[in-house]
Each structure stands twice: as structure tokens, then as C-alpha cells.
């Protein structure tokens, strides 16, 4: 499981925050300037608000990378069959392919079920598929923990990291909940970019970034270990893969 994309996006966020530090520092001695043009308070707040979008982008991307790593592993090279998958992953495969959470008319429901039954009866190998993750805009630490549990991946998060992520950041919401709320308010137009950047300092944003990034990094590490240990397979298939008697 390649975590390069994650670290690249963290660098993007940190580079952006470095820019905000320069702007905030310059503002201590008067309106900061770019060339001969002053940066207004409104513009400075708008710059701050973009951090919420950067962080939410990283949260949802992490969920995508983790679930994709699981499904890609089940369909990669070994021609695994449904009965060889771990029961949690098998359940997700059925959920996706039977479209259990999609409204279908009786005819389409029958057709979908028939195709799945044929695949199982013929012992067809698992082909490319995707886990149904739900609609966008709803990702926070709780949603990540839920999808991890659904595929049977035990998240191993250090106590300090988990405590920081869960501790209220603002308005009785933890870091993930606050990022999600601000992102959704901006996306749906219920708040302006200037408003979302009010009453916040760059140090606040650094704290928010650290709480979010540190937790996500350990989520990725948990999924990386899960895939490397072939925990998406049932025990017999894992032993066979490892060459155990």
C-alpha cells in the first residue's frame, strides 16, 4: 500500500500554512502586502478558510485509499474466490454486488441477484470492485472507524493521537467534526469564506492540522498492516498463501 500520495498532500497543506504564517506575521506591523497591493482582513480570512477544504480533501482521500487497497488486494493476481475472503470483506462484496443499499425494482433486483448467484456457483475469481462508502461530505473520525470495522480492519491508534483527535477543538466538536462541518457549510453556501476564517489564528490551524494528519497517518498504517498481513482473507487462505501446512 503506497502512502506517498498521503504524504504529498500533507506537504501541500503544510506549505499553504507556511504561507499563512508569513501573512499573519506581516500583519503584526500593518496590512501585509504582495507587491504594492495590501492584503485586506477579508482576504486574509478567506485564505485561512481554505485550510478546512485542504484538510477535508485529505480525510476523504484517506478513506478512498484505504478501502481501495482492500478491494484491489482481493482482486490482484491470486484469483481469490468469494469463499476465501474474510467474512467481513465477503459481506461488503455482497453488499456492493447485490446493491443491497440501492432502490431497485423487482426485475432489476432479480437480475442483479442472478448474476451474483451465477458468479458464486461457477466459482468465479473476484474481479475489480469497490466498497460502497456512502455519499461525500460525511467523512469524519466516526465514519472512518465505521468503514474500518465493516472490513474487519482493527485501527491501532496511539492513545495520545486518538485523544488529540477526539478532544473538542471548537464548538464542542472534535477536529474531524469541525473540519467536516466547515467544509459542508462552505460547500452548501450557508457560510461565506470570510465568515469561516473569522476568530482563528494560524496556530489554531496548525493545531487542527496536526490532530487530523496524525490520526489519518495511523489509520493508513493500520490498513497497510491489514493488507500486508492478508487479513482480508479467511484464515485458511492466509495460511495457504504463507505456505503454512
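Taken together, the values in this text are just the output of simple stated rules run on the coordinates, not laboratory data. Being a predicted model, the structure only gives us computed values, none of them experimental. All Cβ positions, even for glycine, are placed from backbone atoms using ideal geometry, and neighbour counts span all protein chains on display.
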Legend entry - Inter-centroid distance (Cα atoms) of the stretch 67-115 relative to the stretch 181-243, Å: 25 Å
Inset, instruction - Output the relative contact order of the stretch 26-158, whole-number percent, from Cα pairs under 8 angstrom with separation of 6+ residues. - result: 30 percent
Inset, instruction - Multiply the residue gap between residue 99 and residue 81 by 0.36 nm, knock off their C-alpha separation, and tell me the result in nm, one decimal place. - result: 4.6 nm
Legend entry - Crossing angle, helix 87-97 versus the chain [Cα axis fit, 0-90 degrees, rounded to tens]: 80 degrees
Legend entry - Cα gyration tensor shape for the stretch 162-245, rounded if a/c is under 1.5, else prolate or oblate: prolate
Inset, instruction - In nm, give the distance between the simple-model label positions of residue 210 and residue 19, each being 7 Å from the Cα along the Cα-to-Cβ direction. - result: 2.3 nm
Inset, instruction - Tell me what the chain gives for mean residue ellipticity at 222 nm when only DSSP H runs of n ≥ 4 count, each as -39,500 (n - 2.57), the sum divided by the residue total, rounded to 500 deg cm²/dmol. - result: -21000 deg cm²/dmol
Inset, instruction - Indicate the gyration tensor shape class of the stretch 143-184 (rounded, prolate or oblate), computed on the Cα atoms with a ≥ b ≥ c the square roots of the eigenvalues: a/c under 1.5 is rounded; otherwise a/b larger than b/c is prolate and the rest oblate. - result: oblate
Legend entry - For the stretch 172-216, alpha-carbon Rg and Dmax in angstrom: 11.0, 29
Legend entry - Estimated FRET transfer efficiency when R0 is 30 angstrom, pair residue 113-residue 64 (beta carbons, to 0.05): 0.60
Legend entry - Using a Förster distance of 25 Å, the FRET efficiency for residue 128-residue 239 (Cβ separation, nearest 0.05): 0.45
Inset, instruction - Any chance you could give the angle, 0 to 90 degrees and rounded to 10, that helix 141-151 forms with the longest Cα principal axis of the chain? - result: 10 degrees
Inset, instruction - Could you estimate the translational diffusion coefficient of the stretch 50-109 from the Stokes-Einstein equation, with Rh from the Kirkwood formula over C-alpha pairs, at 10 °C and 1.306 mPa s, in whole µm²/s? - result: 113 µm²/s
Inset, instruction - Once you have the Cα-Cα distance between residue 27 and residue 199, take 0.36 nm times their residue separation minus that, and quote the gain in nm to one decimal. - result: 60.4 nm
Legend entry - Overall form of the stretch 82-153 per C-alpha gyration tensor (a/c, 1.5; a/b vs b/c): oblate
Legend entry - Folded to 0 to 90 degrees: helix 106-121 orientation relative to the chain principal axis, Cα: 70 degrees
Legend entry - Cα pair distances exceeding 28 angstrom across the chain, given as percent: 45 percent
Legend entry - Length-normalised contact order for the stretch 4-242 - Cα pairs under 8 Å, 6+ apart - percent: 31 percent
